[in-house]
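Working notes, beginning with the structure itself.
The values are calculated or read from the model by the stated rules, or taken from the named source; none is laboratory data. All values derive from a computational prediction rather than experimental measurement. Neighbour counts run over all protein chains shown; Cβ positions are idealised from the backbone, glycine included. These accessible areas exclude ligands, DNA and RNA; they are computed on the full protein's heavy atoms, side chains included. Shrake-Rupley method; radii C 1.70, N 1.55, O 1.52, S 1.80 Å.
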Amino acid sequence: MKRLCIIPARAGSKRIPGKNIKNFCGKPMVAHVIEAAQDSGLFDVLHVSTDSDEIASIAAEAGYKPDFMRPADLADDHASMMEVVKSVVDTYAAQGQVFDTVALLYATSPLLCPDDLKDACAQFESGNQDKALLAVTPFPAPIEQAFIIKDGSDDLRPDDEDGFAARTQDLKQACYDAGMFCFYSSAYIQNSQGAGDFTLFRGYKVPSWRVTDIDWPEDWEHAEKMYKALHS
């Protein structure tokens, strides 16, 4: 099996400026993800997809200078992740490099574990490759028992009245995207349209204590505390 790892890391980040290369526990954020991919020993090619010379330089310092830069039309807030991944796969194919398995690793997943990558890759390649394998984690509480807060008030209402009245043990466990990685076949990517088909996924479960979604400054602080605790 020939495998490609893609780490998308564009320059624009409004909520946490420079998020992909901001110092996280002693090294640029994206360097943690590059290191996990490298330590997994899975990939023939590791490509950091970026429109930024600075990010490309950091990837090069880690030993993975991008083979090409990301097109400007795929570096704004509106380009989907699948469009970015497809562009990378198509560009390599045009250069004569074809891969069996393609892994998308999110640049802001510093808790990424090489063992998860190895286990997930094995799960993907031994199963139905017509579907992608997405890292997911369970919601901390049943989604049927969520409250909705009305704008401009402190009033709460159940989002699902029937589910709210049910016993928790009678409700199915729901998961959400862990924001860590996804494995695809090249055929899946090349046949995709637009943002892709969100019904064609299998799940690789990651425990919630190793998952952090970094969107806001307080998320960053929380992630640093988790990282230090896990590496102490």
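Over all pairs of different C-alpha atoms, the range 150-223 has a mean inverse distance whose reciprocal, the Kirkwood radius, equals 16.8 Å. Per residue, the solvent-accessible area of the chain (1.4 Å probe, heavy atoms of protein chains only, all protein chains present) comes to 53 Å².
Taken along its three principal axes, the alpha carbon spread of the range 106-168 comes to 47, 27, 21 Å, from the longest extent down to the shortest. Rounded to a whole number of µm²/s, how large is the Stokes-Einstein D of the chain at 4 °C and 1.567 mPa s, given Rh as the Kirkwood radius over C-alpha pairs? In µm²/s, the coefficient is 68.
Solvent-accessible area of the range 75-232 (1.4 angstrom probe, protein heavy atoms only): carbon and sulfur portion equals 50 percent. For the range 10-157, relative contact order (Cα pairs under 8 Å, six or more residues apart, normalised by length) works out to 23 percent. Residue-wise HN-Hα couplings along the range 167-184, as the Karplus relation 6.51 cos²θ - 1.76 cosθ + 1.60 with θ = phi - 60° gives them from phi, are 6, 4, 5, 8, 9, 7, 5, 10, 10, 9, 4, 6, x, 10, 6, 8, 10, 9 Hz; Gly and Pro carry x. Sites listed here are chymotrypsin sites (Phe, Trp or Tyr not before Pro) in the range 67-119 whose DSSP assignment is loop and whose Cβ has at most 13 other Cβ atoms within 10 Å: Phe68. Measure nothing fancy, just the Cα-based angle from helix 217-230's long axis to the longest principal axis of the chain, in degrees from 0 to 90, nearest 10. The answer is roughly 80 degrees. Most simply put, the chain has about 50% antiparallel DSSP beta bridges, counting only bridges with both residues inside it. For the pairs Lys150/Lys172; Lys2/Lys118; Lys118/Lys205; Lys19/Lys118, flag any whose C-alpha to C-alpha distance is greater than 20 Å. Lys150/Lys172; Lys19/Lys118, as the Cα separations exceed 20 Å there. Take the chain and mark each of the trypsin sites (Lys or Arg not before Pro) that is in a DSSP loop with at most 11 other Cβ atoms within 10 Å; the longest unmarked stretch, sites excluded, is 16-149.
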